[in-house]
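Report on one structure; see the data block that follows.
Every read-out reported here was derived from the displayed coordinates using simple, explicitly stated rules and does not represent laboratory data. None of the values given here were measured: they were computed from a predicted structure. Cβ placement follows ideal geometry from the backbone for every residue including glycine, while neighbour counts extend to all protein chains displayed.
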Amino acid sequence: MESAKLIASLTRILRDVGDAEDLAQEALVIALERWPKIGIPDNPGAWLMTTAKRRAVDLIRRRKVRDQKYVEIAHGMDLYKEDHVDDALNGEIDDDLLRLIFMTCHPVLSQDARVALTLRLLCGITTNEIARSFLVAESTIAQRVVRAKRILRSKKVAFEVLTGKQRKERLSDVLEVIYLMFNEGYSATSGDQWIRPLLCQEALRLGRVLSEVTPNEPEVYGLVALMEIQSSRLKTRIGPKGEPVLLMDQNRANWDRLLIRRGLAALKYSKKLDSTLGPYALQAAISACHAEAPTAAETDWIRIAALYEALSRVAPSPIVELNRAVAISMAFGPSFGLQIVDKLSAEPSLKGYHLLHSVRGDLLVKLGRFDEARTEFERSAAMTQNAREKMLLRNRANECES
């Protein structure tokens, strides 16, 4: 999480996202070398910022052939001290992160490259994790990231928060980046943890910042509403030992009511700006159906199915269709949902998508076809790279066998 802040701050100084990433990584390596000997500082973020900025100063001074502006920055820049934690972690850093998003979403890059680069720099998500999110090869994502940094450097893209028409042109890409960042935190694609709460918090914070500077954009508030409501469930998504807890099994009394109220208010404001809901506002409306149901049994699945139908029209995708199948199965019976899932089995982009098999397994369980369900859960477990999810799916397969 500190890596994104370091990269954003260093990009403001160096005006080169590649150099900023290198220096941020240097600071983290230095911490790994020194902290076991000197102990973890009271304010690790400030320590890292100080180290990174000193490296930046050294780099600028070595590059005396660069223009005078860089030299002036090097001589005049204030260094952070460890006890200046408020200065180091707040203030300009918030703006720097937002500037970094708009920079990496520059139109000189392809849409795929914009999203991949921003996820890599701001989230620290590996190329493998990004590849799984986009259902493409890891080598493809790696090439996109390298090429994108090269283009930004050669085009001398400015590090700024845009206004007017330019901001509107890049806004959809910025929203997609924040959305994917939140999703990775909400359901980690790999690793030993089912959720990454800090990533969700950072995405939500960036969404709130963006809503302040774009007060008339309904989809910004739609995305904020979605993240607020989804964040309300984070504490209930894992059990005492870190094991996943599925939506229908969560204790709704422990959902964060403040976040739900904030989310519902943002959704209401989004509807006020535009009565025709966009993709993020529609997903927020779906989440609102769950948030407003006192118990799982009282969930309005017919309304959720209708909302997914609307979502499939404005933002059609195989994954949306898979979610619609789940909603239809809950509203009208598992056999109807299974018909949709079986059609999706031939979709090439879902060939390695483990949730297709887990959804099919769940529907087969409800239909009493346990042998087939066990096979589906085993397939899904073999595909996922998240250790907690793998354990959950294997347990479900064992339940089918017993």
**Request:** Of the listed values [x] 56, 48, 43; [y] 82, 48, 39; [z] 73, 50, 40, grab the one calculated as Cα extents along the principal axes in Å from the structure here.
**Result:** [z]
**Prompt:** In what sequence, highest mean first, do 212-220, 15-23 appear when ranked by Cβ atoms within 10 angstrom?
**Reply:** 15-23, 212-220
**Asked** Once fully extended, how much extra length lies between GLN201 and ASN216, figured as 0.36 nm per residue of separation less the alpha-carbon to alpha-carbon distance?
**Response** 3.1 nm
**Fill in**
Taking 0.36 nm per residue of separation between ARG208 and SER110 and subtracting their Cα-Cα distance, the length gained on full extension comes to 32.7 nm
**Message:** Treating region 149-254 as a set of equal point scatterers at the Cα positions, no solvent, please give the Debye-formula log₁₀ I(q)/I(0) at q = 0.12, 0.18, 0.21, 0.23 Å⁻¹.
**Reply:** -0.52, -0.92, -1.09, -1.21
**Item:** For a label point 7 Å along the Cα-to-beta-carbon line of ASP58, residues of region 10-38 with backbone N under 17 Å
**Value:** 10, 14, 19-35
**Request:** Go ahead and run the numbers for FRET between ALA382 and LYS165, Cβ-Cβ distance against an R0 of 60 Å, rounding to 0.05.
**Result:** 0.80
**Request:** Could you sort out which of LYS271/LYS343; LYS5/LYS149; LYS235/LYS351 sit more than 23 Å apart by Cα distance in this structure?
**Result:** LYS271/LYS343; LYS235/LYS351
**Message:** If neighbour count is taken as other Cβ atoms inside 10 Å, put ARG12, ARG167 in order from fewest to most.
**Reply:** ARG167, ARG12
**Message:** As I understand it, the dipole of the chain uses +1 on the Cβ of Lys and Arg and -1 on the Cβ of Asp and Glu, about the Cα centre. Which of PRO334, ILE38, MET391 lies farthest toward its positive end?
**Reply:** ILE38
**Request:** Quick one: compute the contact order of the chain, relative version, from alpha carbon pairs under 8 angstrom and 6+ residues apart, as a percent.
**Result:** 11 percent
**Prompt:** Can you give the FRET efficiency for SER402 and ILE40, using 1/(1 + (r/R0)^6), R0 = 41 Å, r = Cβ-Cβ distance, to the nearest 0.05?
**Reply:** 0.35
**Prompt:** What nm value, rounded to one decimal, do you get for the distance between VAL136 and SER317 when each label is placed 7 Å out toward the C-beta?
**Reply:** 1.3 nm
**Request:** Report the net charge of residues surrounding LEU23, where surrounding means a beta-carbon distance below 11 angstrom and charges are Lys +1, Arg +1, Asp -1, Glu -1.
**Result:** -3
**Sequence of ILE30, ILE304 once ranked by neighbouring C-beta atoms within 10 Å, starting from the fewest** = ILE30, ILE304
**Asked** Using r as the Cβ-Cβ distance of LEU246 and LYS343, and R0 as 25 Å, what FRET efficiency do you calculate, to the nearest 0.05?
**Response** 0.55
**Complete:** Once LYS155 and PHE336 are pulled to full extension, the length gained, defined as 0.36 nm per residue separation minus their Cα-Cα distance, is 59.9 nm
